[in-house]
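The values are calculated or read from the model by the stated rules, or taken from the named source; none is laboratory data. Only a predicted model underlies this, so the values are computations on that prediction, with no experimental measurement involved. Cβ atoms come from the backbone with ideal geometry, glycine included; neighbour counts cover every protein chain shown.
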Amino acid sequence: MNYWKNEYFIARKNIPELKQQIKGVIVGFNVNLDKIINVNPDLLGQILNQFESIDQIISEPSPSMINNIDELICSLVNAIRHGKADESQILSKEVGEWIERNFNIRDVQIGGQAGIMSNLLRRMNIEQVLLSLPSFNLELIDLLDSSIFTVIGKNEKIRIGSITDITTENEYISHYIFEFKEGDYSIGEETITCTRSNRFIASLDFVNPSIKINENFRRYSTENINNFSSAIISGFHLINPKITQKSHLELLKRVKSLLNGWKKINSDLTLHLEMAAIKDVQLSKLIIEKIFPIIDRLGLNEQELLAILETISPTMREKIRAEMNITNLFDGLSELFKSFPKLSIFLHCLGYYLVISPPLDKKYITKRKESVLLSSLFAAVKAKEGEIKTKDDIIHIPVVLNSIQLKQIKLLENHLNQKYCNGKIFADKGIFNHSSFTLIYIPTIVIKNPKNLVGLGDTISLIASIFESNY
């Protein structure tokens, strides 16, 4: 315990200034409105009292997409039952209208990984943040940092705060974030125990599923790609032919062409893909096939890892589903890495982070570990305070760890020694260096009563990536 607290202290003390090393960051492609809804046992009970056949509704498995109110309730209850992060798309505007009438929206904030990460980059003092903006919706513009750049005309880069041609018409671009707490919930004749606070996202979004890339943005970003050191992309999980009338492949080919164009001109550009929950197996396969070979870094959580393993290693996926622990998750991560051995993969879980990559030298290993520790500090600030205002916010966040986390880390060390070293001790202090890979693993700060659960994974991957790039 004292060792890890001291490691956090050193990381916090050595937080670097982000200046000349990072030329600029491109971010795309999903930006939306996040509407936050608090769910507790009393509120859910009041909502469910409206339904006569609630036991029948919740007896069904969660649908891949939400067409009606019954399917919304089924998906929400299943997320609470398993205490898991989940996400589904709403295909009916009437469901969104019902949510607005029946739930109290606590807060409206910028959403979508691209939107969240763009705002955070500016708060980290990154000057050149170029965002592919899917809509000039007034609510979106107001919630984005006004100093973020986007492209509106031919070769015309403009700060978002200077945009005057703003759309005020009602666009369906809302993601309803149902944040639920651990505890006992009465569901019809059944009482279920939620063992982990988490969130369920129901997205009524007819804009982002098209992965809109303005042609002027495509041209400007490609012609000026040497001015950027990193590109962070996301939003592919929203692709939906029922909304766009275009196939998965058609939309992904356009993105692949853009990314290849960037890389052809600037081979040093670091491409990071931040995953989200994908329930469409065909879409998942195409993302793995078309996008994974181009990217350098991948950020995901345990549920997103399972979705990928459904394609790459179904047997491993079932092993993890049967028992989701740190050693099985490492084995699943290892299977993914074997398929894409040039990737650095950031897995963020409650209680610990794992990062696997091609072998690193000793100096780089130390810096990566420090970057991951910093990402845990920033994620803790976001969970505790609801947002990160500046990098100085991490100075006062308490480092709270527990014995369960440390036992998990010890289990992983034993597993690594048995699997790779025949009993020889190479795993120590969160670093395992093998001839074919390097693994960084740390226990993370867990906030007991988090204010905000949305965007924590994005924060983790982004902060780790940005600080590492600075080195």
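What to note about this one:
- Residue in region 312-325 that is under 15 Å from the mean Cα position of the chain (by Cα) and either on the phi < 0 side of the Ramachandran plot or of a type in the set (S, T, Y) (or both) present: no
- When residues in region 142-176 are screened for being under 26 Å from I37 (Cβ atoms) and either in contact with a strand residue (DSSP E or B) (Cβ under 6 Å, 6 or more places away or on another chain) or buried (at least 20 other Cβ atoms within 10 Å of the Cβ) (or both), 9 of them pass.
- Qualifying helices (runs of 4 or more DSSP H) (wholly inside region 257-323; at least 2 residues being among the basic types (K, R) and free of Cβ contacts under 8 Å to residues at least 24 places away in the same chain): 314-322
- Filtered by the rule that a residue be modelled with pLDDT under 90 and either within 23 Å of G111 (Cα to Cα) or crowded, with 19+ Cβ neighbours inside 10 Å (or both), region 177-195 gives K181, I187.
- The set of residues in region 226-246 that are on the phi > 0 side of the Ramachandran plot and over 21 Å from the mean Cα position of the chain (by Cα) contains only Q245.
- Selection status of K84, under 29 Å from Q405 (Cβ atoms) and in contact with a strand residue (DSSP E or B) (Cβ under 7 Å, 6 or more places away or on another chain): yes
- Residue within region 101-117 that is more than 19 Å from A277 (Cβ to Cβ), in contact (Cβ under 8 Å) with a residue 24 or more places away in the chain, surrounded by 24 or more Cβ atoms within 10 Å (Cβ to Cβ) and not hydrophobic (A, V, I, L, M, F, W, C) present: no
- Where a residue in region 37-48 is touching a residue at least 60 places away in the same chain (Cβ under 8 Å) and assigned by TED's automatic domain parsing to the domain that holds G183 and its partner, wherever it lies, is in a helix (DSSP H, G or I) and of a type outside the set (F, W, Y), with Cβ under 7 Å and at least six apart: L48/I54
- Subset of region 372-396 (residues that are within 15 Å of the chain's Cα centre (by Cα) and among the polar types (S, T, N, Q)): S375, S376
- Exactly one residue out of K342, K419 is outside the structural domain of H82 (by TED's automatic domain parsing), in a helix (DSSP H, G or I) and of a type in the set (K, R), and it is K419.
- Within region 289-321, tally of residues that are modelled with pLDDT of 95 or more and loosely packed, with under 15 Cβ neighbours inside 10 Å: 5
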